[in-house]
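Taking it in order: structure first as structure tokens, then the write-up.
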Amino acid sequence: MKIFDSSKKKLVEFSPINPPEVRIYVCGPTVYDDAHLGHARSAIAFDLLRRTLEAMEYKVVFMKNFTDIDDKIIKKLHQTNKTLEELTNYYINRYLEDMDALGVLRPTLEPRATQNLDIMEKMISSLLEKGIAYKTPKEDIYFDTSKDSKYCSLSKKCDEEGISRIEPDPYKRNSTDFALWKSCKEKDVCFSSSLGEGRPGWHIECSAMIYKHLAYKDTPYQIDIHAGGIDLFFPHHENESAQTRTACNQELAKYWMHNGFVTISGEKMSKSLGNSFFVKDALKVYDGEVLRFYLLSTHYRSDLNFNEEDLLTSKKRLDKLYRLKKRVYGVKASQVESNFKKALLEAMGEDLNISKTLAIIDNFISLANERLDKNPKDKKFKQQIVANLEFIEKLLGIGGKDAYSYFQIGVDEELKRKIEELISKREEAKKRKDFTLADRIREELRSLGIKVMDTPQGTLWEKI
RNA sequence: GGCGCCAUAGCCAAGUGGCUAAGGCAGGAGCCUGCAAAGCUCUGAUCCCCGGUUCGAAUCCGGGUGGCGCCUCCA
């Protein structure tokens, strides 16, 4: 398995610290609003990584945090009458619902910042004792980046000269110093601790929760892979990395992986730009699986420029998979074809080369259809097709639905009855060779958003 | 100002030194069909521009042009 390590900026051979186990940490969302497509992309990208490793028989422990205390959450809190917990619980559940709809496997561990304040406090205290962190006259605690000789070795994005775009805290010793603990201000949410009244900075939660829940303790690296959006590379991951290095005398992660953005008209989708596309809104129009397929069909490190046309193209590609599945409906799986499995794992093993993977799948679909055209009753072959489809489902999280229901998404019972009625009328007309009527009924169905296909087994229909 | 990414057919998108530049969508032709749909077969690009390295480059190096990102919260 080769992966692209964003710190080394090259493809490297993946070799876990303690095989067959693989420990992965992905930076999760700050829960103050609904998930947008960028969150979905990141979640799907590393869900794919996880599934690939699992298909390669690694034992994956997958952890993703929820940042449930931060400036924006507090701001949102002031706009509502909710408590912190009510607000964050709501968005955590919303996030999980959205990710479920997208077929993202639930993480093994889902820690929340506010439930791990104890370990953050310990880590910060230890950094204070070592003289790596310092307290300002305003009782904020900062990490002194000049005390970490390897600071900036991860992202290599630090700007020593520092043309800062914001007014820096005058009590900071270095421009790259960052808050570990923010003292209690007005209109704040505060926790009491030995560090004083306040709340943790953003970066410390990841280091602390990884140390507490996921880390190997006597190895050079605490975990195998740390992942997240490329926007987190600097400063977030640089800072996490510095905290762990100085507090624990271990490097945080052996490999770092970052996913590219979802863009809209070429610009990064972000809440501050106001061009966010929420997952929940996309789900009103498109099936979650179609959305998943669309978001995973571009390599995870590239930017993906979201647009409806490409999404519909993705749907057509997924439709083909389900049409094949329909042709082998009710057949039990035998064994996945070994060459097919091998080819897919090789492709995914090239830093998740999804394009190559999908090309292999399309080729399989095409060959299977061709052979079924010639020999529709080859039961053994059908059993293998089913097994192959099941493997695809396991690897990519697509094609798991019932093949008939997939094409009926968005059709309610009433419409379904009407469709069936019209189809049987059309069948009668066809028997009488009344093709004018048959074609008129076909047009009527089309106007209902239904297309029909006459096959030797009768007339089948699909929602367009 | 610092650091970095990207540019392949109408669209999406692999390929990063060497067979005829994957795959999908759209388009065209055919088989099948009452006609369609679906499926199958066939069909398209010399890789943003200029210069260099090399026997050989989309692929490496230099210089342009265009687009984007991080350096503030951000997946």
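The values are calculated or read from the model by the stated rules, or taken from the named source; none is laboratory data. It should be emphasised that the depicted structure is a prediction, and the values quoted were computed from it without experimental measurement. Every residue, glycine among them, receives a Cβ derived from its backbone with ideal geometry; neighbour counts consider all protein chains shown. Just so you know, the surface numbers come from the protein's heavy atoms only, side chains and all, with ligands and any DNA or RNA stripped out. Shrake-Rupley method; radii C 1.70, N 1.55, O 1.52, S 1.80 Å.
Just to check I understand the Karplus step: with θ = phi - 60° and J = 6.51 cos²θ - 1.76 cosθ + 1.60, what whole-Hz values come out for the stretch A:183-194, glycine and proline as x?
With coefficients 6.51, -1.76 and 1.60, one gets 5, 5, 10, 5, 6, 10, 10, 10, 10, 8, 7, 5 Hz.
State, to one decimal in nm², a quarter of the convex hull surface area for the C-alpha atoms of the stretch A:1-134, i.e. the direction-averaged projected area.
10.7
In square angstrom, rounded to the nearest 10, how much accessible surface does residue A:58 have for a 1.4 Å probe?
50
Based on the Cβ-Cβ distance from residue A:350 to residue A:370, what FRET efficiency comes out when R0 is 25 Å, to the nearest 0.05?
0.35
So what's the gap between the Cα centers of the stretch A:125-140 and the stretch A:30-53, to the nearest angstrom?
About 34 Å separates the Cα centre of the stretch A:125-140 from the one of the stretch A:30-53.
Quick check for me: using +1 on Lys/Arg Cβ and -1 on Asp/Glu Cβ, what's the dipole size of chain A about its Cα centre, in debye to the nearest 20?
Charge dipole, chain A, about its Cα centre: 1720 debye, nearest 20.
Could you point to the residue in A:63, A:250, A:102 farthest towards the positive end of the stretch A:2-264's charge dipole, with +1 and -1 charges on the Cβ of Lys/Arg and Asp/Glu respectively?
A:250
Could you work out how far the C-alpha centroid of the stretch A:224-269 sits from that of the stretch A:403-426, in angstrom?
What the calculation gives is 48 Å, centre to centre.
What does DSSP give for chain A in terms of the percent of beta bridges that are antiparallel, rounded to the nearest 5?
Bridges in chain A that DSSP calls antiparallel: roughly 50 percent.
If you count only protein heavy atoms with a 1.4 Å probe, what accessible area per residue comes out for the stretch A:2-264, rounded to a whole Å²?
With the other protein chains kept in place, the stretch A:2-264 gives 43 Å² per residue.
Which angle from 0 to 90°, rounded to the nearest 10, does the C-alpha axis of helix A:379-396 make with the longest principal axis of chain A?
Tilt of helix A:379-396: around 20 degrees.
If you average the sequence gap of Cα pairs under 8 Å that are 6 or more apart and divide by the length of the stretch A:413-463, what percent do you get for the contact order?
25
What distance in nm separates the simple spin-label points at residue A:136 and residue A:320, each placed 7 Å from Cα in the Cβ direction?
The modelled label-to-label distance comes out at 5.7 nm.
Over chain A, what percent of the accessible surface lies on carbon and sulfur atoms, probe 1.4 Å?
Its accessible area is 49 percent carbon and sulfur atoms.
So what does residue A:50 come to for accessible area, using a 1.4 Å probe and Å² rounded to 10?
Near enough 20 Å² of accessible area.
Roughly how big is the stretch A:413-463's charge dipole about its Cα centre, with Cβ charges of +1 (Lys, Arg) and -1 (Asp, Glu), in debye to the nearest 20?
120
Taking every pair of Cα atoms in the stretch A:413-463, average 1/r, invert it to obtain the Kirkwood radius, and report Rg/Rh to two decimals.
Computed over Cα atoms, the ratio is 0.94.
Just to confirm, what accessible area per residue do you get for the stretch A:413-463 at 1.4 Å probe, in whole Å²?
Roughly 70 Å² per residue, with all protein chains present.
Would you list which aspartates and glutamates come within 14 Å of residue A:268, measuring only between C-alpha atoms, while excluding same-chain residues fewer than 8 positions from it?
Cα-Cα hits under 14 Å: A:231, A:303.
Please sort by residue number the GluC sites (Glu not before Pro) in the stretch A:1-110 whose DSSP state is loop and whose Cβ has at most 12 other Cβ atoms within 10 Å.
Listed in order of number, the matching sites are A:57.
Could you list, by residue number, the cysteines of chain A that have no other cysteine's beta carbon within less than 4.7 Å of their beta carbon?
A:27, A:206, A:248
First check a/c for chain A, with a ≥ b ≥ c the square roots of the eigenvalues of its C-alpha gyration tensor; if it is under 1.5, answer rounded, and if not, answer prolate when a/b is larger than b/c or oblate otherwise.
prolate
Any chance you could give the angle, 0 to 90 degrees and rounded to 10, that helix A:413-431 forms with the longest Cα principal axis of chain A?
30
Taking a 1.4 Å probe, which of A:106, A:23 shows the most accessible area, and what order do the others take after it?
Greatest to least solvent exposure: A:106, A:23.
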